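Heads up, the thing below is written out as structure tokens.
The values are calculated or read from the model by the stated rules, or taken from the named source; none is laboratory data. Being a predicted model, the structure only gives us computed values, none of them experimental. Positions of Cβ are generated from backbone atoms using ideal geometry, with glycine treated the same way; all protein chains shown enter the neighbour counts.
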Amino acid sequence: MEIDKLFGIPAHPLIVHGVVVLLPLAAIFALIAAAVPKLRRHWAPIALGLAVVSVGLVILSEGSGEQLERRVAETEAVEEHTEAADAVLPWALGLVLVAAGITAADRLGSKSEKLSPKAVTGAAVALAVLVGAGATASVISVGHSGAKSVWEKTGNSTPRPEGEGGETEEGDEKGE
């Protein structure tokens with residue numbers, strides 16, 4: 001699904017910020033639900049819901065990013081950002097699966113004589129850490145490359161020498 005603009009501005013940065021917040025939050029909720037069986041019943045469905053919403057936002061981010069990519073100059077930084085973005089969806093889908101497994105963990109553990117509650121908790125924690133860290137790291141990598149592509153394009157990637165008060169050639173302050 002491709003969305004070009006929201007509220008008159010490019011949709012991509014707006015949608016991406018939903019992923020930046022919700023995907024790591026889903027990972028945190030999944031880890032807590034996995035590690036603390038008493039909280040699992042309430043926190044695991046929240047983690048699952050956040051992960052599912054994150055997948056939707058990742059898909060929308062990819063579509064809006066493709067729209068934005070058609071309008072910006074093709075640079076090495078934009079290409080790096082696009083390539084890094086390909087890693088987010090698999091991690092987000094993995095987090096959905098882990099959160100779904102954690103949500104079902106109590107049922108699986110109580111109905112199986114072969115699975116001890118400690119084994120279920122240990123496996124859930126290990127998977128939540130692995131997939132949560134991968135999802136979060138992929139979001140950080142994509143965010144960094146996206147910010148880098150924007151700042152390099154605007155020429156603001158290097159700090160100004162001291163004494164240059166942020167004035168343009170016309171003498172106006174930048175940003176005003």
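Structure above, values below:
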{"quantity": "Selection status of L108, assigned to a helix (DSSP H, G or I) and either at pLDDT 95 or above or in contact with a strand residue (DSSP E or B) (Cβ under 8 Å, 6 or more places away or on another chain) (or both)", "calculated": "no"}
{"quantity": "Residue match in segment 55-65 (condition: in a loop (DSSP other than H, G, I, E, B), modelled with pLDDT of 80 or more, closer than 30 Å to A124 by Cβ and under 15 Å from the mean Cα position of the chain (by Cα))", "calculated": "no"}
{"quantity": "Any pair with Cβ under 6 angstrom, 6 or more apart, that starts in segment 103-125 at a residue that is more than 15 Å from L39 (Cα to Cα) and ends at one that is in a loop (DSSP other than H, G, I, E, B) and modelled with pLDDT under 90", "calculated": "G109/L115"}
{"quantity": "Single condition G49 does not satisfy, out of (1) within 17 Å of A135 (Cα to Cα); (2) crowded, with 18+ Cβ neighbours inside 10 Å; (3) without any contact (Cβ under 8 Å) to a residue 40 or more places away in the chain", "calculated": "(2)"}
{"quantity": "Test result for E74, under 27 Å from L6 (Cβ atoms), modelled with pLDDT under 95 and outside any helix (DSSP H, G or I)", "calculated": "yes"}
{"quantity": "The one condition in (1) farther than 29 Å from W151 by Cβ; (2) in a helix (DSSP H, G or I) that L115 fails to fulfil", "calculated": "(2)"}
